[in-house]
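Just so it is clear, none of the values below were taken in a lab; they were calculated from the coordinates. Please read all numbers here as calculations on a predicted model, not as lab measurements. All Cβ positions, glycine included, derive from the backbone under ideal geometry; neighbour counts span all protein chains shown.
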Amino acid sequence: MPGAARKTELIQPVPPPERQPGAPTRRAEAPTPAPREAAPRSRPRPEGAEPKAADAPREASRPAAAAAGSYWVQVGAFQDARNAERLAVSLRSRKLQVQVAQVTRVQSAAARHEVVVSGASVEAVSAALGGSGTAQQTGAVVVVRPPLELREAVALSRRLAGDGLSVKIRRAGDGAPATYHIVRVGGYPSRAAAEAGRREVEGHGLATFITQGAPR
């Protein structure tokens, strides 16, 4: 009621429980740590013993082998697969990377050329070819088979002329399609590398030229 005196309640603090005299004071117990396992001691390696695989340093990972380049040194084109394989075996024996590819050429007669040798026997021409074609007697001359692209015919004629043979190039009279086995060395990542490879191959007495891309 207004005007009435207000009662003030006093809150007394609760005293802590009395400790009995002589009673030991308990402390909060800390958690007992788990026992640690002793690390195994490494045994000394006998003198002169080889380190185990785990002790040996790891070798740096080697980069993957680069993919074959697109430049090639073409050495020959054969209709007879056996002649192509003989040349490939000879080149591989010289530690060269060789590919033998089979292609079918369908070209006009004007695009094919024959290497013709006069004043020599089939045996002499075959020996000079060294497996880079087949010598065939045609009338009074010896014709190298199969017919070639012009640059192939020029390269071969120069090599035969260097052996003292009388050589000329003529257009082939047959433009029918035929299957050839292409022997080439490579591939090289650049034309400069292919030029170095060409010089190496020609150092073995073979006529070559550089191509790029798929065999043809």
Please compute one quarter of the surface area of the Cα convex hull for region 109-174 and express it in square nanometres.
3.8
Computed lengthening from S93 to T179, 0.36 nm per intervening residue step minus Cα-Cα distance
28.3 nm
Taking R0 as 22 Å and r as the Cβ-Cβ distance between V103 and Q212, the FRET efficiency 1/(1 + (r/R0)^6), rounded to the nearest 0.05, comes to 0.90
By how many nm would the segment from H204 to A124 grow when fully extended, if each residue of separation counts as 0.36 nm and the alpha-carbon distance is taken off?
26.9 nm
Quick one: length gained pulling K168 to L150 fully straight, 0.36 nm per residue minus the C-alpha distance?
5.3 nm
